[in-house]
Structures are given as structure tokens and as C-alpha cells.
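Please read the structure below before turning to the comments.
The values are calculated or read from the model by the stated rules, or taken from the named source; none is laboratory data. Every value quoted in this text rests on a predicted model; they were computed, and no experiment measured them. Here the Cβ positions follow ideal geometry from the backbone for every residue, glycine too, while neighbour counts run over all protein chains shown. Just the protein is used for accessible areas: all its heavy atoms, side chains included, with ligands, DNA and RNA removed. Shrake-Rupley method; radii C 1.70, N 1.55, O 1.52, S 1.80 Å.
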Amino acid sequence: MAVVTLKINDIEVAAEQGKSILATAKEAGIAIPTLCHLEGVSDVGACRLCMVEVKGSNKLLAACVTQVAEGMEVHTHTDQLKNYRKMAVEMLFAEGNHVCAVCVANGNCELQNMAIATGMEHSRFPYQFPQRDVDLSHDLFGIDRNRCIFCTRCVRVCDEIEGAHVWDVANRGAQSRLITGLDQPWGEVDACTSCGKCVDACPTGAIFDKGSAVGEMERDRTKLEFIVTAREQKQWNR
Ligand code: FES
């Protein structure tokens, strides 16, 4: 196992080659904000909240998808980064229809928490008010696409942990749309095992248990971590 040494916020750390800056910083006790990262599934660098400054690079790099390298000098909480993160959260709020007062995840929402953490009071960007649909065709769950931030956690958890690949993102840019199956109503997708992993993975109130009232949705991420750990350690066979 090759080990590299680098500096994060002027602290010297050693890390296994191939590890991400995000994981290395976490081990060193430095928390970098994230939204699309979910322990146990691959990283895609979708939310850009984990951006860091790396000496010698003329652009900001996403810590979750950037590997550590020998001699790297990383800064994770400069004023520029704090402003940038606040702006990224403001854009997420402006891009969807996030009405916390009527959301099942109110009080348990990672987007809401991020807005508080970054000091966001309002969005400086024009609200887009996109026309997005709600799908309640599944017996147990629902999706309100107005609250989706395209983190793709549901896509990855369903594909990589459950192996069902029910979720996907169709189209690009402002036309992006989270779809189930071949863009069918969720309740008609035979591949869905109704495991609820997507519900536990969703950071906002987009995917929810049917029947949840405002502020009732609390996610249980420990279930996902438990499955990943058990798989890695082959605990099923004992
Ligand atoms: Fe790295 Fe979202 S956590 S881009």
C-alpha cells in the first residue's frame, strides 16, 4: 500500500494513494461540507459543495472525486470557498421549488441544514419556479420532483447497493429530470423491490414515505452503512 503525504489546512497528513481528499480530510478530523456524497456508494461530484483549493491548480476541485497526491497543499475553508458554497446552496434553492413550510423533510433536510451552515438568508438568484411533477403511483413511496437537487444518491444507492437500477437522470442542464424505469410511473416499474433505500438516501424531501406529514421524514442512513459494511466483510456468510 503506497502512502502519500500532503498538507490540509497546513496540517501534515499521510494517506493511502488513491484516496479522495474528502476521505483523507475526514480522517484528519476536517469536515468538508457535502450534499451528493453518501458513505458506501461511489462519488460523482454533482453538488460542488465540497470544492477545495489546491495549490498550483487554477480551478477549485471537488474533494470527493479528487485523489490525494504527494506534496499536495489543500485548503478547505478559505473565505472564497465559504462564499462559493453559500452561492452554490442559493443556486440550488433558486433552481427547484423548495418550500420548507410544507415539506415532509422540514427540520430533517440536508439542504436546509446546509443553508443554515453557510449563512444563507435568501437566494440572490432569480427563482426559476420550474414545472415539475409529483409521482404517487408507488404503493409505499412518493417523489416530489420539485424538491430534487439532482444529487443522484437515489440513482447510485439503487444501482450499487440494491442492484435494481430503478432511478436515472434523463435530459441535461435545466431540462434534467429524475426518472424511474423507462420514464414510467414509479409504481409500474417491475424492477423496484420496494426496499426504500432511495428514501433513506435522499437528502431532501424529494423521495418520501407515503403518508408522511410536514416535518415527519427522518432518514435512517445507518441502514445503508450497515448493508455496505456487512457486504464488504461478507457477514452474510457467517
Ligand atoms: Fe463532492 Fe458533492 S460532495 S461534489
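Kindly count the pairs of lysines across the stretch 12-103 whose alpha carbons are less than 19 Å apart, treating pairs on different chains or eight or more residues apart as eligible.
5
What cysteines in the chain have no other cysteine with a beta carbon less than 4.7 Å from their beta carbon?
Within the chain, the cysteines lacking a partner Cβ under 4.7 Å are Cys50, Cys64, Cys100, Cys103, Cys109, Cys148, Cys158, Cys192, Cys195, Cys202.
What is the gain in length, in nm to one decimal, between Ala31 and Gln235 on full extension, counting 0.36 nm per residue of separation less the C-alpha to C-alpha distance?
70.5 nm
With an 8 Å Cα cut-off and a minimum separation of 6 or more residues, compute the relative contact order for the stretch 85-196 in percent.
22
Leaving out ligands and nucleic acids, and using a 1.4 Å probe, what accessible area per residue does the stretch 1-69 come to in Å²?
49
Using a probe of 1.4 angstrom, how much of the accessible area of the stretch 1-73 is carbon and sulfur, in percent?
For the stretch 1-73, the apolar C and S fraction of the accessible surface comes to 48 percent.
Quick one: with all protein chains in place, what share of the accessible area of the stretch 99-193 is carbon or sulfur, to the nearest percent (1.4 Å probe)?
Looking at the stretch 99-193 in its full context, I get 52 percent from C and S.
Mind checking which of Asn58, Gln233, Ala206 is farthest towards the positive end of the chain's charge dipole, using Cβ charges of +1 (Lys, Arg) and -1 (Asp, Glu) about the Cα centre?
About the Cα centre, the residue reaching furthest to the positive side is Asn58.
Dipole of the chain, Cα-centred, from +1 at each Lys and Arg C-beta and -1 at each Asp and Glu C-beta, to the nearest 20 debye?
380
Relative contact order for the chain: what is it in percent, counting Cα pairs under 8 Å that are at least 6 residues apart?
18
Suppose each label sits 7 Å from its Cα in the direction of the beta carbon; what would the Leu61-Gln175 distance come out to in nanometres?
Reported label-point gap for Leu61 and Gln175 is 3.4 nm.
Write down the percent of antiparallel bridges among all DSSP beta bridges whose residues are both part of the chain, to the nearest 5.
90
Which residue, Gly29, Gly96, Gly45, tops the fluctuation ranking in a GNM of the chain built on C-alpha contacts under 10 Å?
For the chain, modelled as a Gaussian network with Cα springs under 10 Å, the answer is Gly29.
Can you list the equivalent-ellipsoid semi-axes of the stretch 131-217, largest first and in whole Å, using the square root of 5 times each Cα gyration tensor eigenvalue?
17, 16, 13
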